[in-house]
């Protein structure tokens, strides 16, 4: 799925896009290594993430399979795999007083929580500090009200 004209989401621990395009030769090793089949062939035969298939568990199989240096293992143990974060759009069912907690139920980091309101349905709240950008919430949202955005990008983008 394209990102409305911006760079596609690359596999975790990708080097910056300009370097990625130079380094990645489109061999497909990261695609075949991904146990969850979240990495797919994108434009120019370069790998991109398809979060409609599920969320990334950051197993690093793609990094181990990459021999070109387009995906590099984290130098520091606290280094994030990418700068992707979830966003909850105004069309969210819970924000429309419909009970739905799909995104919160799959969030292992508990970045999405639901706060009860007096006389109303629990509203979602998202902690961007806790969000890893794994994409699990995107894949389960029944109305695609959860989107993913790169913090490097000036505007929101869907996965």
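Okay, here's what the table says:
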{"quantity": "Failed criterion for residue 11 (all others in (1) surrounded by fewer than 15 Cβ atoms within 10 Å (Cβ to Cβ); (2) within 18 Å of the chain's Cα centre (by Cα); (3) more than 27 Å from residue 124 (Cα to Cα) hold)", "calculated": "(1)"}
{"quantity": "Of all residues in region 146-159 being assigned to a loop (DSSP other than H, G, I, E, B) and surrounded by 13 or more Cβ atoms within 10 Å (Cβ to Cβ), the one that is modelled with the lowest pLDDT", "calculated": "156"}
{"quantity": "Hits in region 88-145 (condition: farther than 16 Å from residue 56 by Cβ and part of a helix (DSSP H, G or I))", "calculated": "93, 94, 95, 96, 102, 104, 105"}
{"quantity": "In region 16-43, the residues that are under 15 Å from residue 151 (Cα atoms) and either at pLDDT 95 or above or surrounded by 14 or more Cβ atoms within 10 Å (Cβ to Cβ) (or both)", "calculated": "17"}
{"quantity": "Criterion: over 18 Å from the mean Cα position of the chain (by Cα) and not assigned by TED's automatic domain parsing to the domain that holds residue 49 - qualifying residue of 98, 106", "calculated": "98"}
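The values are calculated or read from the model by the stated rules, or taken from the named source; none is laboratory data. As the structure is a computational prediction, the values presented were derived from the model and not from experiment. Because the Cβ atoms are built from the backbone with ideal geometry, glycine has one as well, and the counts that use them run over all protein chains shown.
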